[in-house]
Amino acid sequence: MAIYEKPVRFLMKDMVNAFGLQTGQSFLKRQAVDWFAQQYPKVKRGTVTAHLIRLSTNAPGRLHYQPKPGEDDLFFQIDSNRFRLYDTQQDPAPVYSAANSTLQKLENVKKEIDLGISTEFAYESDLRDYLAKNLQVIESGLKLYEEEGITGVEFPVGGRFVDILAIDSKGDFVVVELKVSRGYDRVIGQLLRYMAWIQKNQADLGQKVRGIIVAREISKDLILACSLIPNIELFEYELALSLKQVHSVAI
């Protein structure tokens, strides 16, 4: 549901007109955030940043937000802070053209997990994509954050990205940080930084933020570091073999 009469992705086009952008001219992410803060204050900072990524034809992260071909091809990302208008004459084709192969890769990963072929996720992205679709294995009622086509997968937080941003059954934010191998105590600082950013820039008044760390193995140092932090939970994941019979032969 749109926060205002127009969806944010269409408001981005109004911003372009307000800036008077011409081909080749660039603008800063901060300028976009400030424009929305002045013109549409209900749109959160993270939502603005995520839409910049969604509308940037060369940003791989846009695939998490399912950009619409032709409609969401507005910007070209120069670096993490600068953008310009997409130039169909000189810029490469939008990255959504690779979406099918990306989705196929994710399906193959899921098949390997279901068949027990792997004993450990090869990459954090594999673990992330699986859990994003199966958050109930972490906690009943936990669901992926979504707003105006933006999801909580690789959600932008001040130049960095949260692995998974979720909403619990009470409507509070849950920041999920993933490690495919061992979770060490240094991940605490990273998680707390993400939680604080969400609390300051994305949460509504009274909306709480807590954290979850998922790893193949949780170190003793990490358990000790979290022992005095009440709003962080630790999980170890395991992969198990399961078989489902789809055909049998009568004897």
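Numbers for the structure displayed
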{"item": "Number of the exception - THR23 against (1) part of a helix (DSSP H, G or I); (2) in contact with an Asp or Glu (Cβ under 9 Å, 6 or more places away or on another chain)", "result": "(1)"}
{"item": "Checking GLY61 against (1) touching an Asp or Glu at 6+ places or on another chain (Cβ under 7 Å); (2) at pLDDT 95 or above, the condition it does not meet", "result": "(2)"}
{"item": "Residue within the stretch 20-32 that is over 16 Å from TYR86 (Cα atoms), among the polar types (S, T, N, Q) and surrounded by fewer than 17 Cβ atoms within 10 Å (Cβ to Cβ) present", "result": "yes"}
{"item": "The stretch 146-171 residues that are free of Cβ contacts under 8 Å to residues at least 12 places away in the same chain, paired with ones that are assigned to a strand (DSSP E or B) and not basic (Lys, Arg) (beta carbon under 9 Å, 6 or more apart)", "result": "GLU146/ILE167"}
{"item": "Index of the failed condition, GLU236 passing every other in (1) among the charged types (D, E, K, R); (2) in contact with a Phe, Trp or Tyr (Cβ under 8 Å, 6 or more places away or on another chain); (3) farther than 15 Å from LEU135 by Cβ", "result": "(2)"}
{"item": "Residue match in the stretch 111-128 (condition: surrounded by 12 or more Cβ atoms within 10 Å (Cβ to Cβ) and modelled with pLDDT of 90 or more)", "result": "yes"}
{"item": "Single residue of the stretch 63-86 satisfying the filter (of a type in the set (Ser, Thr, Tyr) and surrounded by 14 or more Cβ atoms within 10 Å (Cβ to Cβ)) that is nearest to LEU28 (Cα to Cα)", "result": "TYR86"}
{"item": "Elements of type strands (runs of 3 or more DSSP E) contained in the stretch 139-236, each with 3 or more residues being surrounded by fewer than 20 Cβ atoms within 10 Å (Cβ to Cβ)", "result": "160-167, 173-183, 209-218, 232-236"}
{"item": "Residue in the stretch 1-16 that is surrounded by the most Cβ atoms within 10 Å (Cβ to Cβ), counting only those that are in a helix (DSSP H, G or I) and of a type in the set (A, V, I, L, M, F, W, C)", "result": "VAL8"}
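The values are calculated or read from the model by the stated rules, or taken from the named source; none is laboratory data. Since this is a predicted model, take the numbers as computed values, not measurements. In this analysis, Cβ positions are derived from the backbone assuming ideal geometry, glycine residues included, and neighbour counts consider all displayed protein chains.
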